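Asker: Questions regarding the structure given below will be posed in turn.
Rule-based calculations on the coordinates, nothing more; no lab input. It should be emphasised that the depicted structure is a prediction, and the values quoted were computed from it without experimental measurement. Glycine also receives a Cβ, built like all others from the backbone with ideal geometry; neighbour counts cover every protein chain displayed.
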Amino acid sequence: MGKYMLMPKLDMSMEEGQILKWMCKVGDKTKRGDIVVEVETGKVALEVDNPTADGTVLALYVDEGDDVKVNTPIMYIGEEGEVPPTKEEALGGGDKSEPKEEKKKAAPKKAKVSLDDFNGKFMLMPKLDMSMEEGQILKWMCKVGDETKRGDIVVEVETGKVALEVDNPTADGTILALYAEEGEDVKVNEPIIFIGEKGSTPPTKEEAMIITHPELADEAEDSAEDEVPSNKYDYDLAVIGAGPGGYVCAIRAAQLGAKVVIFEKEHIGGVCLNKGCIPTKAFVKNAEVLREVKHAGEMGIEVESFKTNWSKVIERKNGVVSKLTGGVSGLLKRHKVEVIMGEAVINTEHEILVGDKSYDVDNIVIACGSDSVMIPIENDNSVKVYDSEGMLNIDKLPEDLVIIGGGVIGVELAGIMNEFGVHVTIVEMLDSILAMADDDVIQVVDKELRNHGIDIITGVGASKLAGGNVVLSDGREIKADAVLMSVGRKPVKVASNINILVSERGFVEIDNKLRTSVDNIYAIGDVTGKVMLAHTASRQGIVVAEDLYGEGATVDYSRIPSCVFTIPEVAWIGLNEKQAEELGIPYKSSKMPFAGVGKALAMNDTTGFVKVITDERFDEIIGVHIVGLNASDIVAQGAIAIDLEATSEEIANITFAHPTLSEGFMEACEGISGKMIHG
């Protein structure tokens, strides 16, 4: 289904705009960001890009010279061949952010015939690319009576202009029926083959269509009964993976009335709760306490001696993890989500296998997460190599730790290990650590890490491990008795007997509704490669649940905050100055140092700042970047401001409590218009 492009609000006072010139015509292909129309508002003419969707321009609803109110549809973008709404339908009033969809109905009643009446399984026309709606049977590679196994090539299908050989994803058995002729066009998810036991009677083509599409049954219940869910499937929704995306999706779907089962092969809570976010934050707190003790004298508290107990540190971390994972298990139980421990295999579009047990499900969500990337490196076994999980469970602290990779995980663990007395060296191939962050933020973090004794080497890689050293690509040798490999994460491969499209890097391909190439199968979290953060996965999980069983929801990846729990903390949301320049956005920026914030001074830590970036044309806040105390908490205010499209003036006019660190955000906003008091 396509989407409307609405007349945008190009400045804060704009109520309508005049279409000066169309830069496109019906039938043109367009992508997000393409210039499609020139609009006059006030006495300013602006070229406006397509913010809506990639696709084909199917309708232009207004003529050049027309005045159009803000948020009125001006264009419809969809798939080629789709029939767009008429002008009357588009302009008839109401919310036009998307064409209205028919209200979702409960699953249709079971037809008179069912698969239970036959001994076998259907193979359906697969969805071989994201836009495919039907395919042509070019050539059968099998005939009725042939024996077949999963993975055998059984048919050649043409979609678009590409011919693909398609294997049998369904079952081992005998080909009992072919439901289409060579040259025939078949819609996605219509039956093409029936596989069963030799000698069994297959469904007729009509019966096959009724079984796979029960809505085609001749006899239907009255409309009131149609609203009652059928018992066609054991579960409305199956979620594979109980991490922060999977368990949130499962609970939200259950809240909306779905019968939900969740499969987890290892630990409830996934990587985040067990091996990532939570364990590292427990360690960060230990490190903060250590730093406070070391600097207690500055606060008038004399500490003559202290010692650390690493086994107690591990014990406390494990206790935090246990409490949280137990809490998640309790939430699932409270919402009547069934939990199945074991590795789930997607056997068909509606069947999941765990061991020798089968579960029939209506919809499936893949939320199986990611693993650490371990790059191959020559090693004479003189140096122990860890991934982040291994480092979080190390039984004895090393003396010299080399961290390969200066991203989020690398710098967080560098700060933790440094506080516990480990000599740490970060080796980063790029020109700086935290390369994704704002340049001014990077400078502060780099300086602070170096000031606390962490060595940082950039622009080189590690070539081998030999003689208790890490040998760099430029020939230098760094002493190490342990190496942390922190060079990114890769998706966990989906266990599936059906074809689900993945990218070259192995991430599951999804559309803007988080659907995979199989219509009833969705994917969320790290396995999609979309902003690989726990809170992204949770948001995606809510979006899928709301889309399936609620009123619908969306996720905007440009408005997701990022946090780095170094000492000092780092957090940001939206664009930095470099990105604004690349997008051609005229911007202003203002930076409020924590040295001017009373609460920071009282807390004896004035490192860092709050930076606010605005679109100079409208004063709208488009980026917030923070380094310093409690940055991960303050960034939520920036997220709210950006999501509500607030201006810096609007934030500056809010009364913030004093003394608080949040005043840094307020004053940075004041600085955009030259009104900053303490900076």
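Asker: If you average the sequence gap of Cα pairs under 8 Å that are 6 or more apart and divide by the length of the range 395-444, what percent do you get for the contact order?
Answerer: Working: 55 pairs, mean separation 19.7, N = 50.
Value for the range 395-444: 39 percent.
Asker: Using the Kirkwood formula on the Cα atoms of the range 568-672, what hydrodynamic radius do you get, in angstrom to one decimal? Working shown, then result.
Answerer: Numbers: mean 1/r = 0.0747 Å⁻¹.
The answer is 13.4 Å.
Asker: Quick query: amide H of Val564 versus all other amide H atoms, modeled in the peptide plane; which residues come in under 5 Å with a sequence gap of 5 or more or a different chain?
Answerer: Val570, Ala571
Asker: Short version: what are the Cα gyration tensor semi-axes of the range 9-50, square root of 5 times each eigenvalue, largest first, in whole Å?
Answerer: Numbers: eigenvalues 89, 23, 11 Å².
Output for the range 9-50: semi-axes of 21, 11, 7 Å.
Asker: How much net charge surrounds Pro491 when only other residues with a Cβ under 10 Å from its Cβ are counted (Lys, Arg +1; Asp, Glu -1)? Could the numbers behind the result be given before it?
Answerer: Numbers: positive: Arg489, Lys490, Lys493, Arg505; negative: Asp371, Asp526.
Local charge sum for Pro491: +2.
Asker: Another question about this same structure. Compute the helix-to-body angle for 439-451: its Cα long axis versus the longest principal axis of the chain, expressed 0 to 90° and rounded to tens.
Answerer: With both axes taken from Cα atoms, the answer is about 50 degrees.
Asker: So if we plug the beta-carbon distance of Lys490 and Asp146 into 1/(1 + (r/R0)^6) with R0 = 35 Å, what FRET efficiency do we get, rounded to 0.05? Kindly include the intermediate steps, with their values, before the conclusion.
Answerer: Values: r = 39 Å, r/R0 = 1.10.
The computed FRET efficiency comes out at 0.35.
Asker: For the chain, calculate the relative contact order in percent as a whole number, restricting contacts to Cα pairs under 8 Å that are 6 or more residues apart.
Answerer: Values: 1481 pairs, mean separation 63.7, N = 679.
Value for the chain: 9 percent.
Asker: Quick one: what does P(r) look like for the range 465-544 with 5 Å bins over all Cα pairs, in whole %?
Answerer: Bin by bin from 0 Å, the calculated values are 3, 13, 19, 17, 10, 6, 9, 8, 8, 6, 1.
Asker: So how do Trp310, Trp22, Trp572 line up by other beta-carbon neighbours within 10 Å, fewest first?
Answerer: Working: Trp310 13, Trp22 18, Trp572 24.
By the 10 Å Cβ count, ascending, the order reads Trp310, Trp22, Trp572.
Asker: Given H placed 1.01 Å from N in the peptide plane, which residues other than close sequence neighbours of Glu620 have an amide H under 5 Å from its amide H?
Answerer: Hits under the 5 Å cutoff: Asp615.
Asker: Which order do Ser388, Ser486 fall in if you start with the one that has the fewest other Cβ atoms within 10 Å?
Answerer: Numbers: Ser388 20, Ser486 27.
By the 10 Å Cβ count, ascending: Ser388, Ser486.
Asker: Return the distance in nm (one decimal) between the two label points of a simple spin-label model at Val345 and Asp116, each offset 7 Å from Cα along Cα→Cβ.
Answerer: Those two pseudo-labels are separated by 2.6 nm.
Asker: Assign unit charges at the C-beta atoms only (+1 for Lys and Arg, -1 for Asp and Glu), then state the dipole size of the chain relative to its Cα centre in Debye, rounded to the nearest 20.
Answerer: Details: 69 positive and 116 negative charges, 498 e Å.
So the dipole magnitude of the chain works out to roughly 2400 debye.
Asker: Continuing with this model, one more query. Among Cys277, Val345, Trp140, whose Cα projects farthest towards the positive end of the dipole of the chain, with charges put on the beta-carbon of Lys, Arg (+1) and Asp, Glu (-1)?
Answerer: Checked the options; the winner is Cys277.
Asker: Return the FRET efficiency for the residue pair Ile677, Asp34: r is the Cβ-Cβ distance, R0 is 45 Å, and the value is rounded to the nearest 0.05.
Answerer: On the way: r = 44 Å, r/R0 = 0.97.
That pair, Ile677 with Asp34, gives E of 0.55.
Asker: Here is a follow-up. If the cut-off is a Cα-Cα distance under 16 Å, which lysines reach Lys336, setting aside same-chain residues fewer than 8 apart in sequence?
Answerer: Cross-link targets: Lys259.
Asker: Going by average Cβ neighbours within 10 Å, how do the peptides 278-290, 62-74 rank, with the highest at the top? Display every interim value, and only then the final one.
Answerer: Numbers: 278-290: 18.5, 62-74: 15.0.
With the highest mean Cβ count within 10 Å placed first, the list reads 278-290, 62-74.
Asker: Now, a different point. What whole-number volume per residue, in cubic angstrom, does the convex hull of the C-alpha atoms of the range 119-202 give?
Answerer: 76 Å³
Asker: Further question: Give me the net charge of Leu575's neighbourhood, meaning all other residues with Cβ under 10 Å from the Cβ of Leu575; Lys, Arg count +1, Asp, Glu -1. Each step should come with its number before you reach the end.
Answerer: On the way: positive: Lys578; negative: Asp438, Glu577, Glu581, Glu582, Asp615.
That sum, taken over residues with Cβ under 10 Å, equals -4.
Asker: May I ask you to evaluate 6.51 cos²θ - 1.76 cosθ + 1.60, the Karplus curve with θ = phi - 60°, for each residue of the range 24-37 and list the ³J(HN,Hα) values in order in whole Hz, giving x for glycine and proline?
Answerer: Coupling constants for the range 24-37: 8, 9, 4, x, 5, 7, 9, 10, 3, x, 5, 6, 10, 7 Hz.
Asker: Restricting to DSSP loop positions (anything but H, G, I, E, B) with no more than 16 other Cβ atoms inside 10 Å of their own Cβ, which trypsin sites (Lys or Arg not before Pro) remain in the range 304-373?
Answerer: On the way: sites: Lys307, Lys312, Arg316, Lys317, Lys323, Lys333, Arg334, Lys336, Lys357; in loops: Lys307, Lys336.
Here the trypsin sites (Lys or Arg not before Pro) that fit, given the DSSP loop and packing criteria, are Lys307, Lys336.
Asker: If R₀ is 45 angstrom, what is the calculated FRET efficiency for the pair Lys447 and Lys205, using the beta carbon separation as r and rounding to 0.05?
Answerer: Working: r = 73 Å, r/R0 = 1.61.
Once the sixth-power term is evaluated, E becomes 0.05.
Asker: Treating only the Cβ atoms of Lys and Arg (+1) and Asp and Glu (-1) as charged, compute the dipole magnitude of the range 1-66 about its Cα centre; round to the nearest 20 debye. Don't jump to the answer; show the numbers that get you there.
Answerer: On the way: 8 positive and 13 negative charges, 63 e Å.
Using Cβ point charges on Lys, Arg, Asp and Glu, the range 1-66 gives about 300 debye.
Asker: Roughly speaking, what is the stretch gain from Asp49 to Arg334, that is 0.36 nm per residue apart minus the C-alpha to C-alpha distance, in nm to one decimal?
Answerer: Details: separation 285, 0.36 × 285 = 102.60 nm, distance 4.70 nm.
Value of the extension gain: 97.9 nm.
Asker: Still on this structure, I have one more. Would you list Leu273, Leu138 from fewest to most Cβ contacts within 10 Å? Walk me through the numbers before you get to the answer.
Answerer: Numbers: Leu273 24, Leu138 14.
So the residues, fewest neighbours to most, are Leu138, Leu273.
Asker: Moving on. Check the range 378-487 and count each lysine pair with an alpha-carbon distance under 14 angstrom, considering only pairs eight or more places apart or from different chains. Could the numbers behind the result be given before it?
Answerer: On the way: Lys384/Lys396; Lys384/Lys464; Lys384/Lys479; Lys464/Lys479.
Close lysine pairs under the 14 Å cut-off: 4.
Asker: I've got another one for you. Cα axis of helix 663-672 to longest principal axis of the chain: angle in degrees, 0 to 90, nearest 10?
Answerer: 80 degrees
Asker: In this model, which of Lys281/Lys323; Lys29/Lys127; Lys3/Lys127 are farther than 19 Å apart at the alpha-carbon?
Answerer: Working: Lys281/Lys323 14 Å; Lys29/Lys127 23 Å; Lys3/Lys127 22 Å.
Beyond 19 Å: Lys29/Lys127; Lys3/Lys127.
Asker: To test your reading of the geometry: what angle, between 0 and 90 degrees and rounded to tens, separates the Cα axis of helix 408-419 from the longest principal axis of the chain?
Answerer: Roughly 30 degrees between the two axes.
Asker: To one decimal place, what orientation-averaged projected area in nm² is obtained for the convex hull of the Cα set of the range 378-487?
Answerer: Numbers: hull surface 25.2 nm².
Computed as one quarter of the Cα hull surface, the answer is 6.3 nm².
Asker: At 0.36 nm per residue, minus the direct Cα-Cα distance, what do Thr655 and Met603 gain on full extension? Give it in nm, one decimal, please.
Answerer: Numbers: separation 52, 0.36 × 52 = 18.72 nm, distance 2.20 nm.
Here the segment from Thr655 to Met603 would lengthen by 16.5 nm.
Asker: Then there's this: Can you give the relative contact order of the range 378-487 as a percent, counting alpha carbon pairs under 8 Å and 6+ residues apart? Before the final figure, lay out the partial values.
Answerer: Details: 219 pairs, mean separation 45.5, N = 110.
Relative contact order comes out at 41 percent.
Asker: If you don't mind, another one. So which trypsin sites (Lys or Arg not before Pro) in the range 365-449 pass both tests, a DSSP loop state and at most 13 other Cβ atoms within 10 Å of the Cβ?
Answerer: Passing sites in the range 365-449 are Lys396.
Asker: Restricting things to alpha carbons, tell me how big the range 3-90 is in terms of Rg and Dmax, in Å.
Answerer: In Å, with Rg to one decimal and Dmax whole: 12.2, 38.
Asker: While we're looking at this one, here's another question. How large is Rg/Rh for the range 546-603, to two decimals, with Cα atoms and a Kirkwood Rh?
Answerer: Working: Rg = 17.5 Å, Rh = 15.3 Å.
Using Cα coordinates only, the ratio equals 1.15.
Asker: Gain in length, Glu181 to Glu158, computed as 0.36 nm per residue apart minus the alpha-carbon separation, to one decimal in nm?
Answerer: Numbers: separation 23, 0.36 × 23 = 8.28 nm, distance 1.35 nm.
Extra length from Glu181 to Glu158 when fully extended: 6.9 nm.
Asker: Taking the DSSP beta bridges in the chain as the whole, what percent of them are antiparallel, to the nearest 5?
Answerer: Working: 89 of 124 bridges.
Bridges in the chain that DSSP calls antiparallel: roughly 70 percent.
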